[in-house]
1. Hey, rough spin-label estimate for Glu173 and Glu219, points 7 angstrom out along Cα→Cβ, what's it come to in nanometres?
2. Percent relative contact order of segment 37-157, based on C-alpha pairs within less than 8 angstrom and at least six residues apart?
3. Roughly speaking, what is the stretch gain from Arg68 to Lys111, that is 0.36 nm per residue apart minus the C-alpha to C-alpha distance, in nm to one decimal?
4. Suppose accessible area is computed on protein heavy atoms with a 1.4 Å probe; arrange Tyr11, Tyr98 from highest to lowest.
5. Does segment 134-203 come out rounded, prolate or oblate, given a ≥ b ≥ c as the square roots of the eigenvalues of its C-alpha gyration tensor, rounded meaning a/c under 1.5 and, failing that, prolate meaning a/b above b/c?
6. Could you work out how far apart the two model spin labels at Lys159 and Asn59 are, taking each label as a point 7 Å from the Cα in the direction of the beta carbon, and quote it in nm?
7. Among Val97, Gly83, Ile116, which residue has its Cα positioned farthest towards the positive end of the charge dipole of the chain, with +1 placed on the Cβ of Lys and Arg, -1 on the Cβ of Asp and Glu, and the dipole taken about the Cα centre?
8. Which of Lys106, Lys71, Lys213 ends up with the largest GNM mean-square fluctuation for the chain, with Cα atoms connected below 10 Å?
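The values are calculated or read from the model by the stated rules, or taken from the named source; none is laboratory data. What you see is a predicted model, and the numbers here were worked out from it, not measured in a lab. Note that each Cβ is placed from the backbone with ideal geometry, even for glycine, and that neighbours are counted across all protein chains shown. The area values use the complete protein model at the heavy-atom level, side chains included, leaving out ligands, DNA and RNA. Shrake-Rupley method; radii C 1.70, N 1.55, O 1.52, S 1.80 Å.
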Amino acid sequence: MLIDYKNVNIYQQDQLVLEGVNFHVDEGEFIYLIGRVGSGKSSLLKSIYFELDIEEADNAIVLNHDLRGLKRKYVPALRRQMGIIFQDFQLLGDRTVYQNLRFVLKATGWKKKSEIDDRIKDVLTDVDMVDKADRLPHELSGGEQQRIAIARAILNRPKMIVADEPTGNLDPETAANIIGLLRQISQTGTAVIMSTHNIPLLDQFPGIVYRCKDHKLDEITENYNQLLADEEEGAEEEHTTEDEAPDNGYSAREDLSI
């Protein structure tokens, strides 16, 4: 098991964000985190890649390490076992695609140029970006930059990928291509844990679905569509006429997708 959370409380700046979290991840699993903005998705991901400390838990294991009291000196080595994909890509703007990837490999101990070159070619082939190796980030589209961010995340053959809204700034077709690529990566044994607002992708690329709501994390894989339908139906009944209730601009879909 890559992640084993039991009754974990997650705080952000001394504010309780998620309470009593039970969350488990095995190799090759493809996991979605959904929920409204501020519901705790990013905080959960930050705890997984050691950005937020865990102090209150029955169990909080990531990559065979107990997060309670984890010494910071172990964090860099643990992060090298995972790939992290950010919504804003975080590529080095003054370096080419090749140089961005080489920087990561050299920083993680790769020394031989031939091995570095071979590995970079391999990951760029995986994301269909070999012909962009000499481009600067600003010369790429948003979808292309996200593909490079994925290539960077898989450079060290991670045990899991943590992705925070990887399709948030992409058009629907590009977003589908990115999720399809992550799905393929999960099928090689790398677990993928991804927060998203893009609910239609859950049907197109099935996975395990967790929802953050009311400071809780619940698995809703089997019935998330039914939950969504029930909430939308309930919203329609409440707003049958304008006289019965004001239109505040909120829809039930937002409860799952925002």
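1. So the label points at Glu173 and Glu219 sit 3.7 nm apart.
2. Rounded, it is 27 percent for segment 37-157.
3. Using 0.36 nm per residue and subtracting the Cα-Cα distance, I get 12.1 nm.
4. From most exposed to least exposed: Tyr11, Tyr98.
5. Because a/c hits 1.5 or more and a/b fails to exceed b/c, segment 134-203 counts as oblate.
6. Computed distance between label sites Lys159 and Asn59 equals 1.5 nm.
7. Most positive-ward Cα: Ile116.
8. Lys71
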